[in-house]
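Novice: If you scroll down you'll find the structure; I have some questions about it.
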Amino acid sequence: MMREYKVYRIENGTVIDHIPHWNSLKVLDLLGLRQCHDLVTLGIGLDSKDMGRKDLVKVENRELSEEEMDKLALVAPQATINLIRNSERTSKHKVRVPDHIRGLVRCPNSGCITRHEYVPTRFDTISRDPLELRCYYCNVQFRSDELELL
Amino acid sequence: MLKNRSLVSIRDLTRAEIEQVLDTAQKLENHRGRHLEHRQVALLFYEASTRTRNSFLTAVHQLGGTEAGFSSGEGSSVAKGESLHDTIKMFSAYCDAIVLRHPRDGAARWAADISDVPIINAGDGKNQHPTQTLLDLYAIRSTQGRIENLSIGIMGDLKYGRTVHSLVDALSLYPGVQLHCISPESLALPQSYGPHQIHHRLEDVIPQVDILYCTRIQRERLPDEAEYEKVRGIYRLSASHLHNARTHMRILHPLPRVDEIHPDVDATPHAYYFQQAAGGVAVRKALLYLLIAQGEA
């Protein structure tokens with residue numbers, strides 16, 4: 001039985017929907033929302049037809065940059081971003097893990113040069129579902145469960 | 001055209017470019033010339049190396065060039081803690097090409113991104129060793145007359161062995177190559193390297209292959225001593241294993257060997273690892289010529 005849920009409507013800001021269950025906490029950290037002084041609303045374990053359970057984050061007076069959306073795609077690959085202006089949804093789009101990722105992620109290979117010298121990390125996206133990345137430098141391929149954000 | 005390009009991974013080369021290197025190596029095998037006269041090649045070896053370093057050194061000298069650099073980082077700024085970045089920046093200002101061996105995976109790609117002169121990867125951690133692969137391919141072609149449609153066994157440490165990873169990548173460019181991998185489960189070839197048959201017994205593979213590529217279990221790359229003890233000496237090829245080998249089958253090894261090939265194999269017609277290593281000078285001459293001097297008088 002699907003239940004209706006109600007969270008505060010926001011006038012201006014962003015609604016991030018279809019976050020995997022429990023990953024909303026990662027989204028808070030990723031977007032630095034724990035330091036945010038505006039209203040942040042969190043929904044954890046909401047019913048979802050497609051995902052079973054999902055999380056949702058609403059944040060007032062904040063629009064996401066492209067880099068933030070790329071980062072978001074790494075922890076919530078199916079997320080939808082709704083932009084709200086004057087209480088109206090002005091745009092809705094799905095995040096997409098970019099083909100190439102610069103920075104953002106730490107290479108999980110402890111022998112990689114990026115872990116020993118100042119080298120900005122670079123990755124190629126090998127697969128989106130399941131998410132699989134390959135380090136441009138050491139060629140090590142890894143899945144989302146090994147992924148560590150910078 | 002390979003001129004002024006870096007060679008970091010065997011994947012940087014097309015099949016046609018690989019063939020160009022092998023053909024040039026064949027032409028330069030007994031050749032001494034002045035193609036690198038007034039040219040300096042930096043040999044930056046952060047890790048110990050006998051064959052790779054000396055074959056590059058010989059190749060530079062046989063083409064009339066001079067060398068700079070260091071071996072194992074001793075007596076250089078590296079010992080004082082200089083970063084790879086700064087060392088590469090400096091040597092790329094002094095030299096016409098840099099041959100780099102480094103213990104960290106991906107070091108050569110990083111070096112190629114910041115260097116103004118070609119970088120030749122002479123081994124980066126457990127990642128890639130493309131010049132070894134070129135000389136492996138040179139040995140395969142010299143002994144079998146072709147590379148495509150061969151049945152090739154690869155034995156030993158297939159998980160951490162960079163020579164194995166580079167060779168498997170290169171062989172994927174040749175149609176009809178059947179790959180037989182022989183290793184303990186803990187040292188199996190990562191699945192990302194494409195289709196291959198998996199074996200645990202060496203005896204099952206010997207009659208089926210044209211080339212048997214043996215590798216050392218690398219103590220220095222295993223996570224700890226306990227892991228090494230579990231797998232050390234697991235495969236020991238001796239002359240008695242070879243009674244049902246194909247007549248033209250040849251045994252290759254990137255060397256150094258420890259105990260994976262018994263010395264009694266050396267006297268059999270199947271042993272080819274010393275000739276394989278000797279081919280390293282011709283292949284490295286070919287590379288230096290193509291990357292630095294090609295097209296010049």
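Novice: Only one of (1) buried (at least 16 other Cβ atoms within 10 Å of the Cβ); (2) modelled with pLDDT of 95 or more; (3) not basic (Lys, Arg) is not met by residue B:248, so which one is it?
Specialist: Evaluating residue B:248 over (1) buried (at least 16 other Cβ atoms within 10 Å of the Cβ); (2) modelled with pLDDT of 95 or more; (3) not basic (Lys, Arg) leaves (1) as the failure.
Novice: Show me the strands (runs of 3 or more DSSP E) found entirely inside region B:194-260 where at least 2 residues are within 22 Å of the chain's Cα centre (by Cα).
Specialist: Those strands (runs of 3 or more DSSP E) span B:211-214, B:250-252.
Novice: Here's something else I'd like to know. Does residue B:10 qualify as being aliphatic (A, V, I, L, M), over 20 Å from residue B:116 (Cβ atoms) and touching a Ser or Thr at 6+ places or on another chain (Cβ under 7 Å)?
Specialist: Yes: the conditions hold for residue B:10.
Novice: I need a count of the residues in region A:128-141 that are out of contact with any helix residue (DSSP H, G or I) (no Cβ under 6 Å at 6 or more places or on another chain), within 11 Å of chain B (Cβ to nearest Cβ) and of a type outside the set (A, V, I, L, M).
Specialist: Within region A:128-141, the first condition is being out of contact with any helix residue (DSSP H, G or I) (no Cβ under 6 Å at 6 or more places or on another chain), and the residues that meet it are A:128-130, A:132-136, A:138-140.
After this cut, where a residue has to be within 11 Å of chain B (Cβ to nearest Cβ) as well, the list is A:132, A:134-136, A:138-140.
Keeping just the survivors that are of a type outside the set (A, V, I, L, M) gives A:132, A:134-136, A:138-139.
Total satisfying the criteria: 6.
Novice: Same structure, new question: All but one of (1) surrounded by 24 or more Cβ atoms within 10 Å (Cβ to Cβ); (2) out of contact with any Ser or Thr (no Cβ under 6 Å at 6 or more places or on another chain); (3) more than 15 Å from residue A:117 (Cα to Cα); (4) aliphatic (A, V, I, L, M) hold for residue B:119, so report the exception by its number.
Specialist: The single condition residue B:119 does not satisfy is (2).
Novice: Going by the conditions given, is residue A:145 more than 12 Å from chain B (Cβ to nearest Cβ), in a loop (DSSP other than H, G, I, E, B) and either touching a Cys at 6+ places or on another chain (Cβ under 9 Å) or exposed (fewer than 14 other Cβ atoms within 10 Å of the Cβ) (or both)? Don't jump to the end; show me each part of the working.
Specialist: Working: more than 12 Å from chain B (Cβ to nearest Cβ): yes; in a loop (DSSP other than H, G, I, E, B): no; either touching a Cys at 6+ places or on another chain (Cβ under 9 Å) or exposed (fewer than 14 other Cβ atoms within 10 Å of the Cβ) (or both): yes.
For residue A:145, the condition - more than 12 Å from chain B (Cβ to nearest Cβ), in a loop (DSSP other than H, G, I, E, B) and either touching a Cys at 6+ places or on another chain (Cβ under 9 Å) or exposed (fewer than 14 other Cβ atoms within 10 Å of the Cβ) (or both) - is not met.
Novice: A further question follows. Looking at B:263, B:269 in this structure, which one is modelled with pLDDT of 95 or more, over 25 Å from residue B:177 (Cα atoms) and surrounded by fewer than 16 Cβ atoms within 10 Å (Cβ to Cβ)? Can you show your working first?
Specialist: Values: B:269 fails: over 25 Å from residue B:177 (Cα atoms).
Selected residue: B:263, the only one of B:263, B:269 that is modelled with pLDDT of 95 or more, over 25 Å from residue B:177 (Cα atoms) and surrounded by fewer than 16 Cβ atoms within 10 Å (Cβ to Cβ).
Novice: Taking residue A:90 and the conditions (1) away from chain B (no Cβ under 14 Å); (2) touching a residue at least 40 places away in the same chain (Cβ under 8 Å), which numbered condition does it fall short on, given that it satisfies the others?
Specialist: Failed condition: (2).
Novice: Still on this structure, I have one more. Regarding residue A:114, is this residue modelled with pLDDT of 90 or more and either surrounded by fewer than 17 Cβ atoms within 10 Å (Cβ to Cβ) or touching a Cys at 6+ places or on another chain (Cβ under 6 Å) (or both)?
Specialist: It is true that residue A:114 is modelled with pLDDT of 90 or more and either surrounded by fewer than 17 Cβ atoms within 10 Å (Cβ to Cβ) or touching a Cys at 6+ places or on another chain (Cβ under 6 Å) (or both).
Novice: Provide a single number: the residues in region A:97-141 that are free of Cβ contacts under 8 Å to residues at least 40 places away in the same chain and more than 18 Å from residue B:162 (Cα to Cα).
Specialist: Total satisfying the criteria: 24.
The values are calculated or read from the model by the stated rules, or taken from the named source; none is laboratory data. Just so you know, these numbers come straight off a predicted model, no measurement behind them. As a convention, Cβ positions derive from the backbone with ideal geometry for all residues, glycine included, and neighbour counts pool all protein chains shown.
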